[in-house]
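Below is one structure, written out as structure tokens; the observations come after it.
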Amino acid sequence: MSDWVRLDLDVKIREILSTARRVPDHHFERPFLTPYQIAIAFERRYPADFAAIGLQVGGRGIGARESLAQYIARELSRRIKNVRGYGIEGAFLSRSNLQRLEYRDRASTIVSSSQTSYHLSIFRLDD
């Protein structure tokens, strides 16, 4: 059984995405979150599950080939593609003219691996 199923990550990721609230009376839908934002929130909310997965949050220079942010992005993308009505929407943020994104994780700063040629995936609840 995969960590995703065993740890019920569908429910936990949806809960994290639900915290991105709409701006009242604005025509835009719910905000998107990056996989880094989701991974940071996951580590804070579910420390035992974070430890069980055994991956670092991510970011440039972590010295690992895979991170929790990559794992989340890959699994969400796969499920969005393969499960009709999955309830989570994915999109890309273009890397055009984007130099870096930084995220605060408690006392440290995580810098995204934005120097790659791939666009950055972003996700939100599709409601």
Residue match in the stretch 17-26 (condition: in contact with a strand residue (DSSP E or B) (Cβ under 6 Å, 6 or more places away or on another chain) and part of a loop (DSSP other than H, G, I, E, B)): yes
Some residue of the stretch 49-68 being within 22 Å of residue 17 (Cβ to Cβ), surrounded by fewer than 13 Cβ atoms within 10 Å (Cβ to Cβ) and modelled with pLDDT under 80: no
Residue in the stretch 4-40 that is surrounded by the fewest Cβ atoms within 10 Å (Cβ to Cβ), counting only those that are aliphatic (A, V, I, L, M) and within 19 Å of residue 91 (Cβ to Cβ): 23
Considering residues of the stretch 81-111 that are small (Gly, Ala, Ser) and either surrounded by 10 or more Cβ atoms within 10 Å (Cβ to Cβ) or at pLDDT below 75 (or both) only, the residue farthest from residue 57 (Cα to Cα): 87
Residue in the stretch 33-40 that is touching a helix residue (DSSP H, G or I) at 6+ places or on another chain (Cβ under 6 Å), farther than 19 Å from residue 124 by Cα and aromatic (Phe, Trp, Tyr) present: no
Any hit, the stretch 76-86, residues being under 13 Å from the mean Cα position of the chain (by Cα), touching a residue at least 24 places away in the same chain (Cβ under 8 Å) and within 17 Å of residue 122 (Cα to Cα): yes
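The values are calculated or read from the model by the stated rules, or taken from the named source; none is laboratory data. Keep in mind that this is a model prediction, so the values were computed, not measured. Note: ideal-geometry Cβ built from the backbone for every residue, glycine included; neighbour counts use all protein chains shown.
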